[in-house]
1. With each label point set 7 Å from Cα along the Cα-Cβ vector, what nm distance links residue B:2 and residue A:159?
2. Where both residues lie in the range B:3-162, what percent of DSSP beta bridges are antiparallel, nearest 5?
3. If you count, for every residue in A:223-233, the Cβ atoms of partner chains within 10 Å of its Cβ, what is the mean?
4. Which residue, B:36, B:129, B:257, has the most motion in a Gaussian network model of chain B that connects Cα atoms within less than 10 Å?
5. Share of antiparallel DSSP beta bridges in chain A, in percent to the nearest 5?
6. Using the beta-carbon distance between residue B:193 and residue B:121 and R0 = 35 Å, what value does 1/(1 + (r/R0)^6) give for FRET efficiency, to the nearest 0.05?
7. Using Cβ contacts closer than 10 Å as the measure, can you line up B:42, B:148 from fewest to most?
8. How well do other chains shield peptide B:246-258, expressed as the mean number of their Cβ atoms within 10 Å of each residue Cβ?
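Taken together, the values in this text are just the output of simple stated rules run on the coordinates, not laboratory data. Please read these numbers as outputs of a predicted model, since none were measured by experiment. Cβ coordinates were reconstructed from backbone atoms using ideal geometry, including for glycine residues, and neighbour counts include every protein chain displayed.
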């Protein structure tokens with residue numbers, strides 16, 4: 001692997017570039033992004049140079065798509081005809097079903113492996129990029145590729161293999177559902193005058209996600225609505241069950257089971 | 001104020017005793033608790049001596065009830081006849097309506113002021129007690145009392161005055177609802193095999209409360225079921241609204257409003 005293109009040099013793309021360098025990658029790193037992002041990435045030394053998409057794709061052994069989901073879907077349709085035969089194309093999009101399906105049609109010369117690093121920060125942009133962002137974090141791939149796997153291991157991430165469907169179903173429950181819960185809770189608390197007078201750590205922890213900007217969520221809901229709807233249905237049903245049990249001694253069993261599940265998540 | 005009794009020398013009672021000392025209280029601190037709790041409190045130097053409830057009540061200028069809610073309700077019925085006229089009785093229970101109503105009937109010689117320090121820790125017991133536990137935290141009182149207010153300010157807490165009804169309505173939304181949400185989410189995530197493979201900070205933050213033991217919650221739900229039910233109804237309605245909007249561009253307005261509410265909570 002001699003040349004890597006990072007398409008979308010923000011927090012994730014920039015961190016992947018810095019992580020590759022730290023892990024010993026000595027080839028060329030090309031950035032494809034807006035002028036402002038490219039300038040910041042050059043200043044941050046995350047990339048060696050900037051090129052337009054098709055020029056970058058034509059010389060790359062690995063094309064890393066770290067754009068918003070709708071832009072990834074668009075980029076997939078533009079790079080295959082110019083890519084080197086056998087080049088690796090992977091992405092960092094938060095949902096996988098639509099992206100992998102689109103890639104299956106669009107990517108022929110190159111090889112596509114869907115990816116999702118389970119890492120992030122509250123703030124975005126290459127200014128926040130961090131060579132250690134992926135350390136110890138799960139990194140989902142939707143298919144195998146020894147070259148890509150070896151670099152992902154070298155940047156310190158934990159490889160997890162899931163089908164696109166499994167991935168989307170699991171993140172609907174562990175990530176997309178928590179976001180909607182937090183947004184709904186913040187709205188309900190916000191509707192209570194004086195709630196801030198008594199809000200403690202519980203309210204703070206559960207409303208932190210509500211601070212997230214909508215722009216990344218638009219694409220996530222658009223490309224995973226079915227799984228998100230199923231996760232919401234399961235959660236609403238469980239909460240209705242608990243609501244009916246406020247004075248029922250069997251609530252203790254619900255608390256015990258949930259506590260065990262929360263512990264299992266932490267093992 | 002020469003003699004203070006702490007009834008229930010656990011995390012809160014023990015911390016209140018240590019905080020009083022740190023704030024310059026030079027009188028006698030008597031503990032009323034189980035033998036094990038009293039031994040631990042003496043070892044921790046949180047109390048000067050231990051006495052049975054009625055003996056302690058008879059000599060105290062301030063009686064601080066830091067027991068579980070059902071025990072507070074019981075203690076209120078046992079102390080008034082032996083208390084000094086004009087002694088202050090206050091409590092640290094997590095709901096206020098039932099406690100204040102019970103006190104209005106039971107406390108005649110002494111003066112009752114309902115209280116709720118919005119402070120805590122994940123672990124309990126006097127071993128975890130901390131003189132700084134109340135520093136900067138809201139401390140709700142349901143009525144005024146200059147002596148009590150002055151000590152609460154001296155231990156570093158922020159005084160908040162609320163009626164018992166206001167208090168219970170607000171904590172239903174900011175504390176009791178988050179607990180039930182976290183318990184329900186942990187149960188839903190627990191039902192998904194392999195969810196732990198992709199669980200990130202969102203899932204961790206939102207399932208932390210699910211680790212709480214049920215014993216304190218039994219009394220909270222029993223004494224605040226109506227307000228908790230109303231909070232659940234508001235939350236379920238909001239989440240149903242969001243569910244219907246997964247592909248609707250107006251979801252952006254919901255995210256913006258919730259984000260503003262979450263920011264307001266942090267001001």
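1. Label at residue B:2, label at residue A:159, 7.7 nm between them.
2. Details: 3 of 25 bridges.
Restricted to the range B:3-162, the bridges split so that about 10 percent are antiparallel.
3. Partner Cβ neighbours, averaged per residue: 2.
4. Ranking B:36, B:129, B:257 by mean-square fluctuation puts B:257 first.
5. Details: 3 of 25 bridges.
Of all bridge pairs located within chain A, approximately 10 percent are antiparallel.
6. Numbers: r = 33 Å, r/R0 = 0.95.
That pair, residue B:193 with residue B:121, gives E of 0.60.
7. B:42, B:148
8. Working: counts 12, 4, 1, 2, 0, 6, 5, 1, 6, 13, 2, 6, 16.
Rounded to a whole number, the mean comes out at 6.
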